[in-house]
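To start, the structure itself, in structure tokens.
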Amino acid sequence: MTYDVLTPSAARLWDYGPDWSRGYEFTRSFKTDIITSRNGTEQRRALRDVPRLSMRYATMLREGAGNHFLRAWQNKPAAIPDYGRHALTTAAASGGNTSITVASPWIAEGQILVLCGAVHEMVVVDGVSGSTVSLTGALSNAWPSGSVVRPGIFGLLSGSLNASRLRRGAKELQVGFAAYPGGEPPEDEGTASDTFNGYEVLTAEPDWSASPGIEHIWPVEQIDFGYGRTAQFRPIERAETVTEAEYSGLSRAGAQAIEQTFLRAKGRRGAFYRPTTEKDFTLAATATSGTSTFLAAGTDIATDFGSLDFDEQPEAIEVVKVDGTRIRRLITGISSTGVNSQITVNSPWPSDLTAANVARISWMPLVRFASDDLTTLWRTPLSATIRASFQSVKA
């Protein structure tokens with residue numbers, strides 16, 4: 001029996017890349033301990049500060065070297081390139097060189113890098129000084145300026161890998177790979193680009209063609225002896241929702257923005273605002289600058305929420321103007337006014353809001369991720385899809 005230690009130089013490079021018609025999945029997994037009280041409030045703590053990493057993709061494998069790798073090395077330390085991230089060298093490097101020139105925030109001492117071209121070459125970083133990356137050994141190949149450099153993931157191939165034989169000598173292999181905890185390449189959590197009321201705001205717009213789902217949760221405790229009347233108790237004072245959303249056609253920056261929100265939240269631990277992105281309120285009259293109210297069409301909102309204690313259950317809204325400006329406020333009261341509902345907020349409006357210049361007014365609930373796993377599906381090296389779910393929480 002052997003025990004693997006975090007020695008990147010012991011890894012062997014698995015350089016069979018994804019079939020891009022199937023995509024490449026990169027999953028980050030946190031672990032959160034959640035204690036839920038009878039009234040639905042939560043106490044959450046992250047049991048991992050750094051997420052576990054795993055990858056899945058299909059690759060075309062010809063008989064020969066690939067089979068030999070698996071027969072000799074499937075259960076031993078390996079490294080694969082992260083096909084969702086890359087940087088480019090800014091100067092040529094000859095075979096025998098012990099450094100490359102590349103500027104990237106995710107390169108760090110001790111990390112595996114993979115230079116990708118007609119051949120793949122794995123190197124280990126000895127140190128970083130500006131854009132000069134010194135290596136623990138010499139390059140075996142010459143690499144021109146503009147060569148692709150990817151972070152290498154150090155870990156193990158799955159213990160069971162399935163393949164479909166396409167013809168004699170060729171097969172499609174379903175690759176599964178998990179990084180060693182502690183052997184992950186560094187990731188920048190970044191900082192929130194948008195905040196409100198002391199919380200981050202996730203502003204990414206979902207792809208409505210993907211039919212996002214929503215689950216409404218508001219359970220009632222019931223005592224039932226199986227005969228006679230039952231007794232109902234309602235200890236949870238607010239409705240909860242679990243909303244699923246898909247974000248498609250994401251650029252590297254767009255995917256990273258959602259991933260970094262997940263990293264900062266530590267999975268299910270952290271709370272943040274996420275607008276519903278729907279037209280939850282219809283403006284019935286111009287909201288004048290300097291006032292702290294607006295009229296929403298119909299009295300249903302006042303009927304449903306007029307008795308709510310907004311000090312006990314804070315609710316926020318987001319107004320998106322036609323020009324893209326976002327205005328956010330906390331609701332302090334809702335009342336009926338004639339055939340409309342008057343919404344009072346915590347601070348005045350900065351400018352007149354009219355039906356012509358308001359694109360939508362949405363509820364903006366406080367939420368957390370509903371799962372400790374977040375998967376980025378790279379459909380091409382430059383385009384990704386992320387499907388995530390969010391659960392509303394109490395402040």
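Using a 7 Å offset from Cα along Cα-Cβ at E189, what residues in the stretch 93-120 end up with backbone N under 19 Å from the label point?
105-108
Relative contact order, percent, of the stretch 293-364 when contacts are C-alpha pairs under 8 Å separated by at least 6 residues?
41 percent.
At what distance in nm do the modelled label points of N67 and S351 sit from each other, each positioned 7 Å from its Cα along Cα→Cβ?
6.9
Give the relative contact order (percent, whole number) for the stretch 41-122; include only Cα pairs under 8 Å separated by 6+ residues.
17
In whole angstrom, and with the biggest value first, how far do the Cα coordinates of the stretch 209-253 range along each principal axis?
59, 20, 13
Just grab the label-to-label distance for N97 and A118, each label 7 Å out from Cα along the Cβ direction, in nm (one decimal).
The answer from the label model is 1.8 nm.
How many angstrom separate the Cα center of the stretch 309-370 from the Cα center of the stretch 31-89?
40
Using only Cα atoms, find the angle between the long axis of helix 252-265 and the longest principal axis of the chain, and express it within 0 to 90 degrees, rounded to the nearest 10.
70
Mind giving me the nanometre distance, one decimal, between the label points for D280 and K321, set 7 Å out from Cα along Cα→Cβ?
Between D280 and K321, the label points sit 2.2 nm apart.
When only alpha-carbon atoms count, how far does the stretch 293-364 stretch along each of its three principal axes, as whole angstroms with the largest first?
Reported extents, whole Å, longest axis first: 34, 26, 17.
Using only the Cα atoms of the chain, each taken as one equal point scatterer with no solvent, compute I(q) by the Debye sum, divide by I(0), and report log10 of the ratio at q = 0.08, 0.11, 0.13, 0.14 Å⁻¹.
Evaluating at q = 0.08, 0.11, 0.13, 0.14 Å⁻¹ gives log10 I(q)/I(0) of -0.58, -0.91, -1.10, -1.20.
With the contact rule set at Cα under 8 Å and sequence spacing of 6 or more, what percent relative contact order holds for the chain?
Here the relative contact order equals 18 percent.
Please list, by residue number, everything in the stretch 293-322 whose backbone N is under 13 Å from a paramagnetic label point 7 Å out along Cα→Cβ of K394.
Hits in the stretch 293-322 for K394 at 13 Å: 309-314.
Go ahead and estimate [θ] at 222 nm for the chain from helices alone: -39,500 (n - 2.57) per DSSP H run with n ≥ 4, summed, over the residue count, rounded to 500.
Rounded to the nearest 500, the figure is -2000 deg cm²/dmol.
Over all directions, what mean area does the Cα convex hull of the stretch 38-147 project, stated in square nanometres?
Averaging across all directions leaves 11.4 nm² for the Cα convex hull.
With θ set to phi - 60° and the Karplus curve 6.51 cos²θ - 1.76 cosθ + 1.60, what are the ³J(HN,Hα) couplings of the stretch 158-168 in order, to the nearest whole Hz, using x for Gly and Pro?
Residue by residue, the stretch 158-168 yields 4, x, 9, 10, 9, 9, 10, 6, 8, 6, 4 Hz.
Each reported figure results from applying straightforward, stated rules to the coordinates on display, with no laboratory input. Quick caveat, the model's predicted, so the values are computed rather than measured. FYI the Cβ positions are ideal-geometry reconstructions off the backbone, even for glycines, and counts take in every protein chain you see.
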